[in-house]
Each structure stands twice: as C-alpha cells, then as structure tokens.
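Report on one structure; see the data block that follows.
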Amino acid sequence: MAKYNHKKIEAKWQKYWAKHLELFVAKDKSKAEKQYVLDMFPYPSADGLHAGHVESYTATDIVSRYWRMNGKNVLHPQGWDAFGLPAENYAIKTKTHPAIMTERAIKNFKRQMNMMGFSYDWSREVKSSDPAYYKWTQWFFLLLYKNGLAYKAKAKANWCPKCQTVLANEQAEGGVCERCGSPVVQKDLEQWFFKITDFIENKDRTSGLISGLDKIDWPESTKAAQKNWIGKSEGAQFRMRVIARSEATKQSRDNGNSAGSPRPATAGARDDDYLEVFTTRLDTVFGMTFALIAPEHKLIQGLKPQITNWGEVEKYISETKKKSELQRIAEVKEKTGVELKGVKVINPFTKQAIPLFASDFVLAHYGTGAVMAVPGHDQRDFEFAKKFKLPIVEVIKPTSPQPSPYKGEGWVNLEKAFVEDGVLINSEKYNGLTSEQAREKMTQWLEKEGIGKRTINYKLRDWLVSRQRYWGAPIPIIYCDKCGEVPVPEKDLPVLLPTDVDFMPHGESPLARSKKFQDVKCPRCGAPARREADTMDTFVCSSWYYFRYADPKNKKEFASKRMLKKWLPVDLYVGGAEHVVLHLLYSRFFTKVLHKLGYIDFDEPFLKLRHQGIILAEDGRKMSKSLGNVIAPDSVVEQYGADALRMFEMFMGPLEDMKQWNTKGIVGISRFLEKVWKMKSKIQNKESGIKNKEIESLLHKTIKKVSEDVEMLKFNTVISAFMILLNAMEKEENISLIHYSKFLILLSSFAPHIAEEIWSQLGHPSTKLRVSKKSIFTEKWPEYDKNLIKEETIELVVQINGKVRAKLSVPADIFEQEAKNLSLSDSGIKKWLAGKEPKKVIFVKGRLVNIVV
RNA sequence: GGCUCAGUGGCGGAAUUGGUUUACGCGCACGACUUAAAAUCGUGUGCCGAAAGGCAUGUGGGUUCGAGUCCCACCUGAGCCACCA
C-alpha cells in the first residue's frame, strides 16, 4: 500500500474545505444551541505563526469541531489585531507604510492557518485597522464620552528627546530609549482617560471588576492577578496638623497671603495646614516617629514660606521630576529624601510634633500622596529611619510564641521591622488590644473626632488611552475655539486615518502634521476647528472585537442586539497568559459599560478562559529569533504534515503547562498516523464474524474518554487513548468498518486531513454504513453504549496492611462477603497471613480488599 | 517581598480525584527482516537484589485500613506583580 503522503492529501482537503465554507460557518438562523469558541485575535507580525499560536489554535479547533459534530451551532471566528506600535516601529525601520506590511503579514498568517487546517468561519473575519471596524471603536469612545466615562487630563508620558516621540513603558525600560539609548524624560501631556475605576465595585445590577470574577471559570492565577492589579486595600485616612517652628512665622505668612481672598481667621483652619495620610495599619499609629510626603505633593509648595531649607528641598524635587517612574523603581536599594525643615506635623493620637520628609518612594498618585511613617513596623519606613537616624518605637508585640525582634537597646539592634499583626503596647489606652481590634477602635475615634474616616484605596488607575502615534484609530474629538471640545457626530464616523501621512517621528503626533486631517469645521458652530491628533491605544480596539464577530457586517450598530443575544457571551476563550491583566481587564470593563447602559444582558464577556503554556525551544530557552532556536510551523509541516504537528503539540503535555519542544518526539505521532493509514487494509465490510467484542468494548470506552477529555481540554490523554485503541486494533486480523469509521470520526477533530482522506477512500461511510458523499465533518459524533463498556470480570486487588499481595479475577459485581471470603481463602494470602487473625477487612466495591493484621 | 502554580523512571508525561504508582509516547537494549543500513515488526525496560523480597512520587512530620492525591512545616524551581503605605 502507498505510504501516507501528507503533502498531497493535506493540500487536497484544504482546497476542498475552502470551497465548502458551509462546513464551518456559524449559522445565524439555526435554532441549535450555540457555542462560541474564541482565540485571542493575533497581532499579524512579519514573523508569521509561532509554536504557541499553533498550540492554542489547535486546541480551539478541536473543541469547535467536537461541538459541531455534537450538533451545536458553533461560532469560531478569527481576525486581526492590526493596529499598534510594533507595526509602526517596523514601518519606521523599513520605511514601508504600516498598512502595506500589515496586509502582507495577514496574508501570510492566513496561509499558515489554512495550512494547519483550522476550521475558522472566515466569513466573519475582522481587522481592527479597517475603517468599517474602527468606525465602531470610535463609536465606543463617544459612547464612553457621552456617559461621562471618557475625560481629558494632564498626564506624564515617557518622552525620548532624540527620537522626538512618546514611548510606551516597555520601550523605556531602565529609563533609556529602546531605540537610541538616550535618557527618557517625563513630559506632561493632555491625554484622554477612560474611567475604568468607576467599575471596580458593583454598580446597580452590574457586577464589578472584583466581584464579577467569582462567577466565571478562569484560572485562579489569572483572577488573582486581576485582583492584585486592582489592588484594593482597606484602611483609614486622617489629617495631621502641620505647624511652623514658631506660631509667629505662621501668623505673619497668613496675613500676607490672604489679602485678596478672605479665609477663616482661625489659625490652622486652612487646608494647607493639614497633612492627609492613608494607612492600612492604623494600629501602629503610636509608633509614628515621622511623616513622609511625595515630592510632587502640592502641599510642599504651600509650605514654602515656612520651609527653612527650601533650596535643598527644591533641588530634591527637581531631581525626582527628571527621573521616570522606572528609574525610581530601579533605585529601590537605597532610600532618598529631604527633611522639610521649619515645619512639623502633629500625631493626633500622641499630640507629639514629628518631622516631615519628602521622599520619592512615596507615590503621589496613590492614596493621599503622603504617609505616616512607622519604622518599627514597616520595612520601607524602617530603612528610611536607619538612613536618616530617626527614632524607632515598638508598638506591636508578636503574639506568643514568637519572640519580639526588639533586643534591648532600641532600634540600633533591630535588623528589620516587625510587620505582622500582633498585640498593642506603648499605645496608651489601646494597649493590650489585638491589631484588628485596635484598627477598629482607632478608626471610630478618628470619626468621632472628625479628623479621619474609614477609606478604601485602589492601585488601579483610570486607563490612559491617548497615543501620540500614527498607526491607530483616531480619537473622534474636534477642538473649536468657541465651543471647546466637541465630539464628532456619529453620522460623520469613521474619522478616517489619513494614508498619506508622514509617519516618521518628528516630535508631535504624526496626525498633527497633516493639515488635511487637522483642519475641519466645528460640527457645532461651523467655525474653523482642528481635530484631535492622538490615536487610541490598541487595547481599545481589542476590548470589543468579540462582540463584532456576532454581527461583523452590520453598518448601523457595532452589533445588533439580536445577534449579541444569540452569540454572546464567549463560552471558551483561549490565549496567552501575557494578557492576564490588561486585555482581559479592559474587555471586562467594556462589557460592564455595555451592560450598565442596557446594550447587553450579561456583564462578563468570557465565561471560561484558559491559557496555553509557553512552548520553549529544544534548548529549554524561550524561542527567539536572536537565539536562532525558533521552530517554524512551515518546516515541521513540510516534513511531517499539519496533522502530525497539530497532534504533537497536543500530545506534548497539558495545554496550560510550559512545554519544551523535542523534535524526536514528533516521530511517535508520525508513526501513529502511518498506522492509522495502514489500518485501511484490515477493514472488513462484511458484518459476519467481524464484530470483535473486545475491540467494540474498547472503542466505546475510547468514545467516552475522548468526549470527556475534549470537554476538559485534556488533549494529551485523548491522544493516548487513540493510541491504546489503535494498538489493540493492530493485533487483530480484521477490523469492522463500523469500528474503524467511528474511530476516524473521533480522530477527525485532531487530524482532520488524514481522517477526511480515509473517509473518502472508504466511500464516505456514514456511521450506519450508508454511502454518503459528504465530508466526515457532517457526521455525528459517536455515542457510547453504557452496556458495552461495563466490565464483566475485574481484577480484585487483595492487600495486606495496604500492600498488594494478590490479584483475583472475580465478577465485577461481587458482593462484600464473597470477596472477603475469597480473599482470605486464597492460598497466596494464607501464606502471607501465616495463621494470624485479621483485625479488620476493608472492601472497596469493584476495586480491592484490604486485610489489616 | 506578595500572589499563583509545580516537583512522579534516562526524558515528555499518566493515575478513575483517597484505592494496583509509572498508562501513552520518546529513548535505550536484545531479536526478526536485510549483503548492509534505514524503515518496519516482535520482546524487554523504576531502583536494589542471584532469588525470596525490599525500597521508591522533592524533604520531614501528621490524618487514614490505605496518601502522588488531604493537613502542617521545610527545600527547590517557574510564572506574574512589586517602594501601593
């Protein structure tokens, strides 16, 4: 028999499937139950598909084919995350327009996807750089704008003075420009934000970004990462009075400054005179020996007249300003800061005056931008105190049996702060309380005194969506001298991205250089106005694409309500773990906005989420072009075929595990497929004498195993089950056509080409042996017969004290008493017992007997 | 530092969720076919031991008739986040 020629056969069926789109399209009009199986749409890079793409796309392809054959109406689309920085940078490097290279890359991606035999519904393909698509990205911007969820504010951006461009954080690592190596500076720019922080907690009937996680089937680690990113912390906020060294200085300043605007005359009533701090550890407040303030904090400027070392302070502030956040983080090793001499703050609990320092490890944008410093019980404060020789006081004692880290002579001997909860000491009337009790009592006291309150803070900040870049969706806003900021009317969408713009970096948003693009009439008053020149973050494009697949051609809406109701939410979403935070969080935000505004009736977009594990190169390192260890799908397909590559990647290990490529391993799969191919010669079409009971029973067990494991995405064990069945069939002289066809249907979801070819060579047998001319993918998934997988006899394991001492062949439904009698009278067991009386005999039905002596 | 996960043969990995540890595949060894090799097929393959048997799921304890699986402590590794008060 001819060997299996994967090249010829795979090409043949890919051509056939391309002509028979009806096999894989999602049916808008079908009444069958839907199943939405989605891949994260890829960024079409010039490098083409990599091993990780193949892995996750094969997984969803198998699941999609499985559900289709189970009668579900499956939506399995694919599209392109085409806008973005990589394309623009590549364009700048090669001086080719990003649209051209994006088109080229998409063509290549699509060729490779077809080469892998993926059953996408290409009739729903979307591309984020297509005006028909980004029209709706802009519409979403306006939707948020009109509902008060998009706003403009000043924000810092990484700026490379040499390249004259804004850099993303990952391009400015270490505080230097990725491309030219010059130091990055912080530049204040007016930028657009989305109010994602509005959706952290539940809103009316819309679940929040935190609590919504409880009802979806996502990996624990991903949920944890999202929660961690949101960073909710509960504590208290309170004010501390700021005093000058002498009240006299203060009075004179007050008189001088408040000439024009009448302020309350009472000293200390001015806002500037209070330092507001946030803490989660109010129980440690008696250990506060100084306070810290962010250098950017505006209170510092207000205190300027009272600060006696202003020159020093100003120098520190300007040094901080130059540093990017990344540089600050890189300098974690050593704390820096400067005392604001001439002022002190009053700890409201102890009434003591303590010094105030500005330090760049205090973040201006988190909490109140100032903190109480408790060096005894906070590691960062501890390091700061050591450096500036500030007093350290113990106010929390570990609950026994842990010994206190304070050894005798105060802070000099202390190695690090004790940061856990404990029992209060040196805290006046709060002594003896546990940390938890103290926090409660102290918060109550603050509220009673009117100087503080219970407060919740989040790390999550609003989403900055402006990009001073070319290759993105333009922000649909117009600036008019008379009317101010005016949204582009919906009927004027899309705001087209000009194709003839110079996208080389020049120090401003590239769109600002196009007069044709910029100069417009104000939609409100008709006066000359100009367009917003910034584009949107690509994450905006990818936050809603899964809605578009439901109704990709709709010109009136991003998707009709009817189609959204039919197809959404996504039942299974598979993609890389690098999107654990941003993409997934932003998508959830968009979904929650739509839910709140009544567009959809669900508030979580992805019901079940899984990440494919990284596939490492053969050398155990990450695949990378520079290391020259990349496994390109094309060459593997060339040598072994797409079916072999698909199955091998599924066989390597659990979908979510990190796996190492091993070229030797693929021959196992290759051999398996070759054996499947050869099996044809054993097929007997006659019904007589070919109903092999054992094979039939094993086949039905396999059907059960494969069905269950595919639903749980345990593809590696499915393939092992295929091999077990095939190995058993190989030992037989003849194989029934019915058995073989059912096996082929199971296999077709994993190895579609070879299955389709054998199916057609066999004369397209349906499972009932009726000849049909159809593709194997029109077949129904086989069902298993419970009676056929029931074992009649089992191997009963007999243990003595938990150790296997005998195995008896007994009827599967043996009763307890009989099993025990049989075991105890077995000659081998008798020998082991040597006359000893069993203390106890355990019986596990269908499994074992354990004799305890 | 925080969170999340993992540790089973020479290797990738199975294990009915508390019940025969090592399925399936790779590799290796021996054999068949061949002038020979490749391919293919067959047999074997956790460790110690001649055998009887004993010992094995990172380490140490615990719960249990019984633990890879559950609990506690520790060791090692990975991924993500990280000066968030």
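Structure notes:
- For A:N147, the conditions (1) surrounded by 22 or more Cβ atoms within 10 Å (Cβ to Cβ); (2) within 30 Å of A:D198 (Cβ to Cβ); (3) polar (S, T, N, Q) all hold with the exception of (1).
- Within the range A:759-807, being at pLDDT 85 or above and acidic (D, E) holds for A:E779, A:E783, A:D785, A:E795.
- Residue satisfying all of: in the range A:154-181; modelled with pLDDT of 70 or more and touching a strand residue (DSSP E or B) at 6+ places or on another chain (Cβ under 6 Å); nearest to A:Y90 (Cα to Cα) among these: A:V166
- Which listed residue, of A:F547, A:F558, A:F539, is touching a Phe, Trp or Tyr at 6+ places or on another chain (Cβ under 8 Å), part of a helix (DSSP H, G or I) and over 30 Å from A:D188 (Cβ atoms): A:F547
- Which listed residue is of a type in the set (A, V, I, L, M, F, W, C) and within 15 Å of RNA strand B (Cβ to nearest atom), from A:I800, A:I776: A:I800
- Screening the candidates A:L597, A:L572, A:L564 for the property of being in contact (Cβ under 8 Å) with a residue 12 or more places away in the chain and under 21 Å from the mean Cα position of the chain (by Cα) yields one hit, A:L572.
- When residues of the range A:610-654 are limited to those that are of a type in the set (A, V, I, L, M, F, W, C) and near RNA strand B (Cβ under 9 Å from one of its atoms), the one nearest to A:A577 (Cα to Cα): A:I614
- Inter-residue pairs, beta-carbon under 7 Å, first touching a residue at least 60 places away in the same chain (Cβ under 8 Å) and in the range A:785-800, second not basic (K, R), 6+ apart: A:D785/A:H700; A:L788/A:E696; A:L788/A:S697; A:L788/A:H700; A:I789/A:S697; A:I789/A:H700
- Checking each residue in the range A:816-853 for being within 20 Å of A:E791 (Cα to Cα), free of Cβ contacts under 8 Å to residues at least 12 places away in the same chain and within 12 Å of RNA strand B (Cβ to nearest atom) picks out only A:V844.
- Hits in the range A:647-666 (condition: under 24 Å from A:F118 (Cβ atoms) and either basic (K, R) or part of a helix (DSSP H, G or I) (or both)): A:M647, A:F648, A:E649, A:M650, A:F651, A:K659, A:T663, A:G665, A:I666
- Failed item, numbered, when A:A32 is tested on (1) in contact with a strand residue (DSSP E or B) (Cβ under 7 Å, 6 or more places away or on another chain); (2) within 21 Å of A:R610 (Cβ to Cβ): (2)
- Residue match in the range A:461-473 (condition: free of Cβ contacts under 8 Å to residues at least 40 places away in the same chain, over 18 Å from A:N158 (Cα atoms) and not acidic (D, E)): no
- Checking each residue in the range A:324-347 for being modelled with pLDDT under 85 and crowded, with 19+ Cβ neighbours inside 10 Å picks out only A:S324.
- Filtering the range A:708-739 to residues that are in contact with a Leu (Cβ under 8 Å, 6 or more places away or on another chain), in a helix (DSSP H, G or I) and more than 7 Å from RNA strand B (Cβ to nearest atom) leaves A:F715, A:F722, A:L725, A:A728, A:L737, A:I738, A:H739.
- Restricting the range A:93-130 to residues that are part of a helix (DSSP H, G or I) and out of contact with any helix residue (DSSP H, G or I) (no Cβ under 9 Å at 6 or more places or on another chain) leaves a set whose member that is farthest from A:Q468 (Cα to Cα) is A:R111.
- Inter-residue pairs, beta-carbon under 9 Å, first without any contact (Cβ under 8 Å) to a residue 40 or more places away in the chain and in the range A:372-395, second part of a loop (DSSP other than H, G, I, E, B) and within 13 Å of RNA strand B (Cβ to nearest atom), 6+ apart: A:F382/A:V374; A:F382/A:P375; A:F382/A:G376; A:F382/A:K416; A:F382/A:A417; A:F382/A:V419; A:K386/A:K335; A:K386/A:P375
- Checking each residue in the range A:439-454 for being surrounded by fewer than 17 Cβ atoms within 10 Å (Cβ to Cβ) and of a type in the set (G, A, S) picks out only A:G450.
- Entry remark, the range A:629-669: residues being free of Cβ contacts under 8 Å to residues at least 60 places away in the same chain and small (G, A, S) number 3 in total.
- Residue in the range A:428-435 that is modelled with pLDDT of 90 or more, of a type in the set (A, V, I, L, M) and within 15 Å of RNA strand B (Cβ to nearest atom) present: no
- Of the strands (runs of 3 or more DSSP E) entirely within the range A:333-390, those holding at least 3 residues that are within 8 Å of RNA strand B (Cβ to nearest atom) occupy A:370-373.
- Just so you know, in the range A:455-487 the residues that are part of a strand (DSSP E or B) and within 16 Å of RNA strand B (Cβ to nearest atom) include one that is farthest from A:M504 (Cα to Cα), and it is A:T455.
- Single match in A:D61, A:D47 (criterion: charged (D, E, K, R), in contact (Cβ under 8 Å) with a residue 40 or more places away in the chain and buried (at least 21 other Cβ atoms within 10 Å of the Cβ)): A:D61
- The range A:275-313 - residue that is part of a loop (DSSP other than H, G, I, E, B) and more than 14 Å from RNA strand B (Cβ to nearest atom) and, of those, farthest from A:K387 (Cα to Cα): A:L303
- Of all residues in the range A:1-32 being among the aliphatic types (A, V, I, L, M) and surrounded by 11 or more Cβ atoms within 10 Å (Cβ to Cβ), the one that is farthest from the chain's Cα centre (by Cα): A:I9
Let's see how each residue does on (1) modelled with pLDDT under 95; (2) in contact with a Gly (Cβ under 6 Å, 6 or more places away or on another chain); (3) of a type in the set (A, V, I, L, M, F, W, C); (4) within 30 Å of A:E578 (Cα to Cα):
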| residue | (1), (2), (3), (4) |
| --- | --- |
| A:D462 | yes, no, no, yes |
| A:V465 | yes, no, yes, yes |
| A:Y470 | yes, no, no, yes |
| A:P498 | yes, no, no, no |
| A:M504 | yes, no, yes, yes |
| A:S514 | yes, no, no, no |
| A:F517 | yes, no, yes, no |
| A:P552 | no, no, no, yes |
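The values are calculated or read from the model by the stated rules, or taken from the named source; none is laboratory data. Just so it is clear, the model here is predicted, and its values are computed rather than measured. Here Cβ is always computed from backbone atoms with ideal geometry, including for glycine, and neighbour counts include all displayed protein chains.
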